[in-house]
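Heads up: the structure comes next, in structure tokens.
Read the figures in this text as sums done on the coordinates, not as results from a lab. Just so we're clear, the structure is a prediction, and the values are computed from it rather than from any experiment. For neighbour counting, all protein chains shown are included, and Cβ atoms are generated from backbone atoms with ideal geometry for every residue, glycine included.
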Amino acid sequence: MKLAIVTAYPPSKVTLTEYGYHLVKHFRLQEQVTELILICDKTEGEKDLAFEEDGCKITVKECWSFNSYKNILSVNKAISQTKPDAVLFNLQFLKFGDKKIPAALGLLLPAICKMRGIPTISLLHNILEQVDLESAGFTKNKVLQAIYNFIGTTLTRFVLASDIVAVTISKYVTILEKKYKTDRIALIPHGAFETPPEPTYDLPEGPKQVMAFGKFGTYKKVEILIEAVEIIRQRTKEDIEIVIAGTDSPNTPGYLEGVKNTYNKVPQIRFTGYVAEEDVEKIFRDSAAVIFPYTSTTGSSGVLHQAGSYGNAVALPDLGDLSILVKEEGYKGEFFDADNANSLADAIQNIITNDTYRRSLGQTNYKAACSLPMSTITEMYLEEFNEIIEQKSESHSFKKVNA
């Protein structure tokens with residue numbers, strides 16, 4: 001099978017980059033995939049394709065850009081040139097842009113592929129029905145929220161033109177099937193990016209590193225983490241370093257620079273900037289706790305699965321999607337009130353002052369991550385593609401017989 005994956009890809013700063021990397025890394029190892037066509041966004045610097053394991057051929061089509069009106073044409077052209085047997089879209093609503101028209105045009109692509117007869121699966125990481133638009137940083141205006149919801153419903157219908165829409169949380173299946181009267185929704189879990197050997201759960205000497213990872217500024221706000229650690233420092237003599245690992249969200253340029261200026265007198269804060277793929281493991285393994293300073297959730301959490309892979313204890317806000325994910329996939333952590341620094345301070349303190357408890361959380365999360373490796377997830381996608389191809393073949397044979 002020649003499989004095309006439409007996704008952002010490192011060193012891209014567009015959302016879902018890390019997930020795109022691991023889809024490519026693991027699909028190329030599947031025996032059924034003879035060629036992988038990476039249809040990705042344009043970036044400065046070479047694409048990260050330096051995999052250790054031998055795998056199938058990868059053809060790179062670097063052809064689209066965030067907020068470009070031409071993405072619908074350039075991606076369609078790349079598909080015409082490479083002639084894949086199947087296409088997988090790695091999507092969320094602002095994948096192709098944060099402006100309405102480029103975002104909408106990009107989300108028409110699955111429907112176009114379906115119309116061309118190409119077996120098409122769209123992985124939808126979030127659904128607007130489950131996003132708190134105010135907390136997620138979209139808008140506080142109730143009229144604009146209603147408009148966004150209408151637009152979101154329309155865009156969802158575009159994506160639902162795919163042969164299959166895959167979601168990572170069971171609740172999303174129920175919501176989409178009920179609202180849109182469709183039976184083309186598949187539950188395919190997020191999966192763990194890596195399943196490295198079980199860690200020792202030991203920490204490096206020096207201050208205990210409390211780390212947040214991701215793209216910050218919309219629904220991921222680090223102020224509450226900094227304030228929570230300051231509270232712990234007042235309560236205890238713990239030596240703590242705050243690690244902010246990642247960059248601004250594309251929607252909030254300058255956010256982290258503003259945080260640096262606001263908290264420039266707070267000691268032991270490290271802003272790493274963009275974390276290259278080869279440095280991800282170390283930054284997780286060195287952390288005493290991984291913190292999720294989210295004001296809202298917009299789908300499954302790649303960071304949670306990464307933390308599990310590296311045996312980290314985690315502190316999470318008690319919010320809908322994260323709570324569901326933890327229960328469904330067997331993770332465990334300290335929960336806190338999303339807008340309460342004292343609550344987060346309690347959660348972090350419970351972890352870093354009790355080494356037995358920290359190790360226990362890490363062990364539970366490692367086992368949860370190992371139960372759903374990306375190799376299993378990519379096999380699930382191939383099973384869905386095979387079923388689509390078989391159905392199309394049967395339909396074609398039926399039409400031929402009755403012609």
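Numbers for the structure displayed
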| item | result |
| --- | --- |
| Overall form of the range 208-370 per C-alpha gyration tensor (a/c, 1.5; a/b vs b/c) | rounded |
| Aspartates and glutamates whose Cα lies under 12 Å from that of residue 95, excluding same-chain neighbours fewer than 8 positions away | 41 |
| Most positive-pole-ward Cα, 389, 76, 128, against dipole of the chain from beta carbon charges | 76 |
| Loop sites in the range 1-97: GluC sites (Glu not before Pro), DSSP, at most 16 other Cβ within 10 Å | 31, 44, 46, 52, 53 |
| Radius 9 Å from Cβ of residue 2, net charge of other residues (Lys, Arg +1; Asp, Glu -1) | -1 |
| Computed label-point distance, nm, for sites residue 389 and residue 281 using a 7 Å Cα→Cβ extension | 3.3 nm |
| Whether the range 1-83 is rounded, prolate or oblate, judged on the alpha carbon gyration tensor where a/c under 1.5 counts as rounded | oblate |
| Partners for residue 208 among lysines (Cα-Cα distance below 19 Å; same-chain residues under 8 apart left out) | 237, 282 |
| Over 12 Å [Cα-Cα, the range 196-237], rounded percent | 74 percent |
| For the range 279-377: rounded, prolate or oblate by the Cα gyration tensor [a/c cutoff 1.5] | oblate |
| The chain: radius of gyration and largest Cα-Cα distance (Dmax), Å | 21.5, 81 |
| Dipole of the chain [Lys/Arg +1, Asp/Glu -1 at C-beta], most positive-end residue of 354, 250, 364 | 250 |
| Cleavage-rule hits (GluC sites (Glu not before Pro)) in the range 182-241: DSSP loop, at most 12 neighbouring Cβ within 10 angstrom | 205 |
| Spin-label proximity, residue 268 to the range 189-214 - amide N less than 11 Å from point 7 Å beyond Cα toward beta carbon | 206-210 |
| Space enclosed by the convex hull of the alpha-carbon atoms of the range 147-261, per residue, Å³ | 194 Å³ |
| Radius ratio Rg over Rh of the range 55-119, counting only Cα atoms, Kirkwood formula for Rh | 0.97 |
| Of 114/392; 2/114; 171/332; 178/392; 13/70; 2/392, those spanning more than 21 Å from alpha-carbon to alpha-carbon | 178/392 |
| Flagged links, alpha-carbon separation over 32 Å, of 220/265; 83/327; 181/215; 221/327; 77/220; 42/181 | 83/327; 181/215; 77/220; 42/181 |
| Along each principal axis, Cα extent of the range 254-301, largest first, Å | 30, 27, 21 |
| About the Cα centre, charge dipole magnitude for the chain (Lys/Arg +1, Asp/Glu -1 at Cβ), debye | 1600 debye |
